[in-house]
1. How big is the stretch A:228-314 along each principal axis, measuring the range of its Cα positions in Å and listing the largest first?
2. Say we join alpha carbon atoms closer than 10 Å with springs in a Gaussian network model of chain A; which of A:Thr348, A:Thr208, A:Thr85 then has the biggest fluctuation?
3. Taking the Cα centroid of the stretch B:144-209 and of the stretch A:397-413, what is the distance between the two, rounded to the nearest whole Å?
4. Of A:Gln353, A:Thr129, A:Ser48, whose Cα points farthest to the positive end of the dipole of chain A (charges on the beta-carbon: +1 Lys, Arg; -1 Asp, Glu; origin at the Cα centre)?
5. With n ≥ 4 as the cut-off for DSSP H runs, can you work out [θ] at 222 nm for the protein assembly as shown, using -39500 (n - 2.57) per run divided by the number of residues, rounded to the nearest 500?
6. Considering only protein heavy atoms, with the full assembly of protein chains and a 1.4 angstrom probe, order B:Trp222, B:Trp188 by accessible area, largest first.
7. With a 10 Å cut-off between alpha carbons and a GNM built on chain B, which of B:Ala239, B:Ala121, B:Ala260 moves the most?
8. Based on C-alpha coordinates, I'd like the Rg and Dmax of the stretch A:349-439, in Å.
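The values are calculated or read from the model by the stated rules, or taken from the named source; none is laboratory data. Just so you know, these numbers come straight off a predicted model, no measurement behind them. Glycine also receives a Cβ, built like all others from the backbone with ideal geometry; neighbour counts cover every protein chain displayed. The protein model used for the area step is the full one, side chains on, heavy atoms only, and it has no ligands, DNA or RNA in it. Shrake-Rupley method; radii C 1.70, N 1.55, O 1.52, S 1.80 Å.
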Amino acid sequence: MPNTQHPIELLRFITCGSVDDGKSTLIGRLLYDSKNLMEDQLEALEKSADLTGGGQINLANLTDGLRAEREQGITIDVAYRFFATPKRKFIVADTPGHVQYTRNMVTGASTANLAIVLVDARQGVIEQTRRHTYISSLLGIPHLVVAVNKMDLVDWSEARFQEIRDEIESFLPRLGGFRDVKFIPLSALNGDNVVDASAHTPWYEGPTLLGHLETVHIASDWNLGTFRFPVQWVNRPNDPTDKTLHDFRGLSGQIASGIIRAGDPVVVLPIGLKTTIKEIRHYQDSMPTAFCPQSVTLCLAHDIDISRGDMIVGIENLPGRSSDLQARVCWMNQRALLPGKKFFLKHTTQTVQAVVTTLESRINMGTFESEPNPPALAMNDIGVIRLKTAKPLVFDGYSTNRLTGSFILIEQGSNATVAAGMLTAPTEEAKPEYTDFAI
Amino acid sequence: MSSYHLDHLGYLETEAIHVMREVAAEFERPVMLFSGGKDSICLLRLAEKAFRPSDIPMPFLNIETGHEFPELLSFRDRRAKELGAKLIVRTVDDALKKGLATQAPGEISRNKLQTPALLGAIEEFQFDCAIGGARRDEEKARAKERFFSFRDSFGQWDPKNQRPEIWNLYNGRLNPGENMRVYPINNWTEMDVWEYIKREQLAVPTIYFSHERECFRRGGQWLPLPPSHTDASQPDPYAGARPKPNEPVKKLVVRVRTIADMISTGMIESRADSVDDIIGEVAAARVTERGSRADDKASEAAMEDRKKAGYF
Ligand SMILES: Nc1nc2c(ncn2[C@@H]2O[C@H](COP(=O)(O)OP(=O)(O)OP(=O)(O)O)[C@@H](O)[C@H]2O)c(=O)[nH]1
Ligand SMILES: [Mg+2]
């Protein structure tokens with residue numbers, strides 16, 4: 001039973017890498033060897049083995065939950081699985097390796113704190129390995145594990161492992177961003193170095209994969225820096241029976257970064273008015289302090305006209321404010337991105353119209369070089385673009401704040417989500433000419 | 001570890017509250033599905049946390065198969081009343097009468113028929129979004145679900161072509177006739193649900209706790225003995241769901257782990273009569289929660305097929 005003395009930490013991770021490198025098998029193996037599979041799940045696995053697998057159970061079937069996936073033996077969309085050990089709780093997203101489904105890999109990766117990039121020891125590093133490593137770094141995932149898989153098929157060769165490690169280490173400095181990187185030789189199929197240490201790798205001295213997942217330092221992954229609070233919903237009771245609530249006006253939302261205390265001075269953007277926090281509410285409680293990523297309701301000392309999409313921030317390190325933006329994007333739609341097209345842009349809790357004015361560059365996945373002035377960004381391309389929004393955004397650079405520095409583009413008409421965007425840090429602060437709000 | 005640290009339940013809670021507030025802000029006519037079961041009980045508390053001191057800005061909806069456990073219905077009605085919420089009930093019976101649904105010959109479970117009844121209610125009230133308490137850990141087709149799950153104008157889910165869902169930026173945009181299913185507790189496990197019920201001291205219907213009940217064995221599980229048929233002028237609603245002569249009735253000490261209706265819920269033998277006992281039982285369980293549901297056993301893709309058709 002969980003120990004309530006120590007809060008149990010939650011680690012969210014993904015498996016990624018190229019097609020057939022063994023991502024789904026690895027998750028099946030992790031669940032199986034850590035005794036996180038139930039009898040009926042095993043039974044179903046054995047049944048499908050008899051029907052389709054000639055008696056051999058296929059661990060990938062545990063996450064490949066769609067009929068089409070089982071028929072084709074590939075992963076199409078990301079599957080989430082949950083497991084626990086006495087040390088931690090885990091949410092793992094099994095992402096697809098096919099280039100065609102990169103959008104689903106990005107979906108899984110965007111909420112992960114650790115990425116396991118699998119490499120087939122026979123194939124070595126290929127373009128898709130590079131793309132997934134690049135996307136993991138682009139999204140700011142702090143922890144990376146390179147799992148060199150199918151070591152059973154290369155005779156557990158230390159030289160081969162080292163060769164792959166060297167190749168990845170040669171390009172990692174160009175990506176940047178990872179706080180820690182671990183290389184582990186394993187066999188997902190047979191379970192070597194997954195949960196239990198392998199007898200085949202006496203030359204490997206590091207932890208098993210699960211050992212690493214249980215101990216990698218994640219306590220500082222949440223952003224407790226500068227306070228940012230995008231207003232999500234204005235909480236104004238209609239016709240309350242409780243008379244004291246007549247004038248209640250709260251601003252509900254999730255703290256995107258930082259810590260806030262009752263009494264703290266804050267600035268409301270974009271209008272640029274300064275006020276203080278009168279009360280921090282959470283359900284029936286009034287709290288002295290709240291922090292990222294809690295969802296709370298803030299009451300301000302002054303009655304300022306605030307609506308969804310506004311941002312309440314600490315008085316130091318103000319965010320940027322601009323309608324001219326530069327961003328790195330992952331393009332996720334079959335129709336290529338051409339300059340001049342209009343979209344809806346959703347940033348924190350607001351949606352504005354935006355036009356893509358310039359395509360500045362496209363990343364070549366083979367070399368990680370930027371190629372300037374591409375004519376278009378095709379599906380799965382990553383590039384740098386410029387946008388103009390109908391209304392200025394209050395934002396931070398993605399590298400300092402994942403939540404106030406990110407956006408999605410939505411195609412008008414189809415409503416498809418077509419891009420994930422990461423904003424470049426603002427060149428100047430919002431600098432509101434605020435006067436202290438005084439009446 | 002710093003004191004500015006959320007434990008895993010705190011993380012799951014804030015994620016769910018964020019999702020609920022996005023629904024309230026982005027949809028015109030949202031509704032929350034509330035059956036009285038453990039998952040939807042958590043949804044209600046999350047809604048209170050998301051919206052208090054305001055009213056929960058959406059009505060509750062429940063689709064009855066007509067085979068419900070009476071304890072569940074009275075619990076459902078009581079909670080809706082306590083929260084001051086509007087509860088809308090639509091029934092499979094109605095859907096059958098209106099011709100929205102037809103019973104497959106020989107099929108006694110009405111589980112599948114909830115789909116046309118639900119789609120009928122969505123149409124009737126022009127709901128653009130329905131919040132439900134489904135979880136990814138329940139089943140492997142559900143494991144593929146987004147938080148905001150898009151449905152076309154026929155209510156269908158297209159699992160091969162879901163919208164990407166990046167960070168916590170949910171795309172709730174719809175064209176007329178389309179709608180959204182939203183799952184705030186997608187990332188919760190059965191254990192998380194019970195730990196949350198414990199932490200929040202939430203009341204649950206008594207059938208979750210161990211009690212004596214007459215059951216009979218069918219399809220490898222203990223099914224509850226349906227209530228007796230008294231009104232002879234009406235057809236027996238439980239025809240086909242009563243024990244046959246070779247299915248002897250036994251009085252057992254049981255509880256439910258997951259609730260569908262009386263026809264498709266297997267009872268498990270258990271002495272757990274407190275939330276702590278249940279948490280202990282879940283921790284030691286060797287089968288999944290859905291392992292006790294007849295409706296999912298049909299085939300490996302049973303859930304996927306129902307969901308594609310518009311099932312929750
Ligand atoms: N010999 C050997 N085979 C493996 C190992 N890991 C996976 N495989 C096999 O590789 C094949 C592909 O495995 P999957 O787990 O489906 O690959 P995947 O990376 O999830 O593929 P996609 O999701 O479609 O990108 C299967 O036939 C596995 O049995 C391993 O360590 N050794
Ligand atoms: Mg796979």
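1. Principal axes ranked by extent give 35, 26, 20 Å for the Cα atoms.
2. Result for chain A, Cα springs under 10 Å: A:Thr85 fluctuates most.
3. Each part reduced to its Cα centre gives a spacing of 23 Å.
4. So the residue we want is A:Gln353.
5. -7000 deg cm²/dmol
6. So the residues, ranked largest to smallest area, are B:Trp222, B:Trp188.
7. Largest GNM mean-square fluctuation: B:Ala239.
8. Values for the stretch A:349-439 (Cα only, Rg and Dmax): 16.1, 61 Å.
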